[in-house]
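Notes for the one structure printed next.
Derivation of every value follows stated rules applied to the coordinates shown; laboratory data play no part. Values in this document were obtained by computation on a predicted structure and should not be read as measured data. Positions of Cβ are backbone-derived with ideal geometry, glycine not excepted, and every protein chain shown enters the neighbour counts.
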Amino acid sequence: MRVLEGEKVTKYFGGLAAVSNVDFHVDKGEIFGLIGPNGAGKTTLFNLISAALPLKSGVIKFRGERISGLKPHQICRLGVARTFQAVKIFPNMPVIQNVLLGSMFGTPTAMSSADATRQATELVEFVGLSAVSATSVKDLTLLNQKRVEVARALATKPELLLLDELMAGLNPTEVAQSMELVTTIQGRGITIFMIEHVMKAIMNVCGRIMVLHHGEKIADGTPQEIATSKKVIEVYLGE
Amino acid sequence: MNIASVISKKPFLLGLVGLILLLLATLPFYATGYTPILMTTILMYIIMTVSWVIFSGPTGYISLASAAFFGVGIYTMAILGKALPLPVVIAIAGAASFLVALLVGALTLRLKGIYFAIFTFGLVVLIKEVLLYWEINITGTRGRFVVLESNETVYYVMLILFVLTMLVAYFIQHSKLGLALRSIGENEEAAAHTGVNVTMVKVITYAISAIFVGASGAIMATRWTYIDPYVAFNPILSFMPVLMAIFGGVGTLYGPVIGASMLAYLQEVLTTRFPYYYMLIFGAVLIAVILYLPNGLVGLVQRGWKRVSGGQIAST
């Protein structure tokens, strides 16, 4: 079953086509990767899905229904949660409150505050931050701030999780831990759509990968197909 | 903060609040003449400042529309004061300010930072000019007379409004809405993508915060007896709440109360004792506070407390 589908998704910034006629779909339960050089339009595509940017041309469907035109908070409550390339956290709020906000406002059906607190506590533990639960998020390392973002996104009980460069700026050990986290999240029945530059990570965890270049889709397929695609190699390494 | 200190602190605080309320409620019995009048002014500034802090404190959106909501209240009283009983007029004034703020919020809360501040201030000037045009050209007058109420009545109404403002501010701060407002101030985009209906939260809170400003304007009008658009929409009243909140410290509820009380008292003393140098001295005090007490008086108190209690007490 297709959780997310895009047809001819297009976004112009002035005269520049940031995303141009991109067709894609994400199947239920898979980890779908999105790669491409800087400026390829990857984050723009995420912004269109999550309604951070308005979609003017093309269609995006979630569980078969059009979601273009909805507001970000509505998309979140439908079951599409996201993280950000440059972490967007609530810096002066403690970890637990960052996560609690997701449980209290982002879930498809409202939760009692006791349930919301219980769920937030459980998720803080899930991402391994119980020890710093009461610490302001601004005092955490980048890795832990990213984990807060993931926990906050999970707190909204998503069906689909959009991860925008979860591993950027992390050292190899941290990348390995993050890869494990991603597969554990998948194990919870959540579909994942992730942008990543760390090739090792994306080749290992993704079932399928799509490649964008100058806003256009140039390839999609299994990691093996992508790794051997002539077009992709040209784009990444030059001729 | 450990549990023992919370348990011993709570009854103490409640007792303190109760004592202050008791003293305020019985004020006209032991202090006559000028004191209730002065206290009315101070309470008015507290109401305006706390109302401002309800919205602008957590979100960081600097609203300069306080004078507009206050003026709406004043004109409500001027127009309806003779026709309807006092409590009804005050309620209508609150409702009118709520509606004006709802409209303004819906139009302007998409603006950020300085643009929002400028637009809200423009609103004060706009309403004043339109009203002036209307009064002179349509109704054929410039000012209006307002029904007179006794000083005690004005004082007690203001006291009730003060208590209501504090209760509303407290409950918003400790509610789900308060958490949403803080998240907007911290990172609005992240809040939206975490399921917070940011527009709704901002507009509703902004409108609620205008209610008591309008209501206090209505009761203040009865003390002034004659009002015109210049008096009712005095731009100074847009800046005072901001200054008083910064003076006291924005993070807590008692900060703005202390800031408003002290500055309002200072203003009153300076205008009566040094009418010519009042603005000069007032300005110097403000500059000193902003330069040396960036967290307001509350910041000073908290730093002093840390020193007294021997260093680290867990914050938050």
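The peptide list B:256-268, A:166-178, put in order of mean Cβ contacts within 10 Å with the highest first, becomes B:256-268, A:166-178.
Each Lys or Arg adds one and each Asp or Glu takes one away; over the other residues whose Cβ falls under 13 Å from the Cβ of A:L163, this sums to +1.
Percent of C-alpha pairs per 5 Å bin in region B:1-154, short distances first: 2, 7, 12, 15, 15, 15, 12, 10, 7, 3, 1, 1, 0, 0. The residues B:Y115, B:Y155, B:Y30, when put in order of fewest to most other Cβ atoms within 10 Å, stand as B:Y30, B:Y115, B:Y155. Each label was represented as a point 7 Å from its Cα along the Cα-to-Cβ direction; for B:S150 and B:F12 these points are 4.0 nm apart. In summary, the helical segments of chain B meeting the span-like criteria, namely a full DSSP H run, a Cα extent along the axis of 20 angstrom or more and a mean Kyte-Doolittle hydropathy of at least 1.0, are B:3-25, B:34-59, B:66-80, B:86-108, B:113-134, B:151-173, B:198-224, B:278-292.
Count Lys and Arg as plus one, Asp and Glu as minus one, and take only other residues whose Cβ is under 14 Å from that of A:M111; the net charge is then +2. Sorted from greatest to least, the principal axis extents spanned by the alpha carbons of chain A come out as 54, 39, 34 Å.
For the pair B:I20 and A:K230, label points projected 7 Å from Cα toward Cβ lie 7.9 nm apart. Extents of region A:1-84, largest first, come to 33, 25, 24 Å (Cα atoms, principal axes, whole angstrom). Estimated from the Cβ-Cβ distance and a Förster radius of 56 angstrom, the FRET efficiency linking B:Y226 and A:Y12 is about 0.40.
Helix A:95-105 and the longest principal axis of the C-alpha atoms of chain A enclose an angle of approximately 80°.
Kirkwood-type hydrodynamic radius, region B:93-147: 13.0 Å, calculated from all non-identical alpha-carbon pairs. Helix content alone sets the calculated 222 nm mean residue ellipticity of the protein assembly as shown: runs of n ≥ 4 DSSP H residues at -39500 (n - 2.57) each, divided across all residues, give -20000 deg cm²/dmol. Computed from the C-beta positions of A:T117 and B:Y170, the FRET efficiency with R₀ = 25 Å rounds to 0.75. Helix A:172-187 and the longest principal axis of the Cα set of chain A meet at an angle near 80°. Across chain B, the volume of the C-alpha convex hull divided among the residues equals 156 Å³ per residue.
Here the residues B:E186, A:E196, ranked from fewest to most Cβ neighbours within 10 Å of their Cβ, fall in the order B:E186, A:E196.
Ranking of A:Y236, B:Y45 by neighbouring Cβ atoms within 10 Å, starting from the fewest: A:Y236, B:Y45. Quick one: go through region B:26-50 and flag any residue whose amide nitrogen is under 16 Å from the point 7 Å out along the Cα-to-Cβ line of B:V269. Those under the cut-off are B:35, B:38-39, B:42.
Summarising the label geometry, the points placed 7 Å from Cα in the beta-carbon direction at A:N38 and B:N295 lie 3.9 nm from one another.
For peptide A:72-78, the mean count of partner chain Cβ atoms within 10 Å of a residue's Cβ comes to 5. Label point of B:R142 set 7 angstrom out along Cα-Cβ; within region B:217-235, amide nitrogens under 19 Å from it belong to B:224-235.
Projected onto its three principal axes, the C-alpha set of the protein assembly as shown covers 90, 64, 42 Å, listed from the longest axis down. Taken residue by residue and averaged, Cβ atoms of other chains lying within 10 Å of the Cβ of A:86-98 number 4.
Taking the Cα centre as origin and putting +1 on Lys and Arg beta-carbons and -1 on Asp and Glu beta-carbons, what dipole magnitude results for the protein assembly as shown, to the nearest 20 debye? Can you show the working numbers first?
Details: 41 positive and 31 negative charges, 98 e Å.
I would put it at about 480 debye.
You can think of it this way: the chain between B:E129 and B:A106 has 6.1 nm of extra reach, that is 0.36 nm per residue less the Cα-Cα gap. Mean per-residue shielding of peptide B:181-190 is 5, counting Cβ atoms of other chains within 10 Å of each Cβ. Protection proxy ranking, highest mean first, for peptides B:204-217, A:216-229: B:204-217, A:216-229, where packing is the per-residue count of other beta-carbon atoms within 10 Å, averaged.
Please report the antiparallel percentage of DSSP beta bridges with both residues in the protein assembly as shown, rounded to the nearest 5. Don't skip to the answer; put the middle values down first.
Numbers: 23 of 39 bridges.
Around 60 percent of the beta bridges assigned by DSSP in the protein assembly as shown are antiparallel ones.
Dividing the mean sequence gap of close Cα pairs (under 8 Å, 6+ apart) by how many residues chain B holds gives a relative contact order of 31 percent.
Evaluated over the Cα positions of region B:153-275, the convex hull gives a direction-averaged projected area, one quarter of its surface, of 9.1 nm².
At a 10 angstrom cut-off on C-beta neighbours, averaged per residue, how do the peptides A:183-189, B:245-251 rank from highest to lowest? Mind dumping the intermediate values first?
Details: A:183-189: 12.9, B:245-251: 23.4.
Packing proxy ranking, top to bottom: B:245-251, A:183-189.
Between the helical axis of A:113-126 and the longest alpha-carbon principal axis of chain A there is an angle of about 60 degrees. Within region B:212-238, name every residue whose backbone N is under 14 Å away from a label modeled 7 Å from Cα of B:L286 along the Cβ vector. Label zone hits: B:235-238. Determine the percent antiparallel among the DSSP beta bridges restricted to chain A, to the nearest 5. Here the share of antiparallel DSSP bridges comes out near 55 percent.
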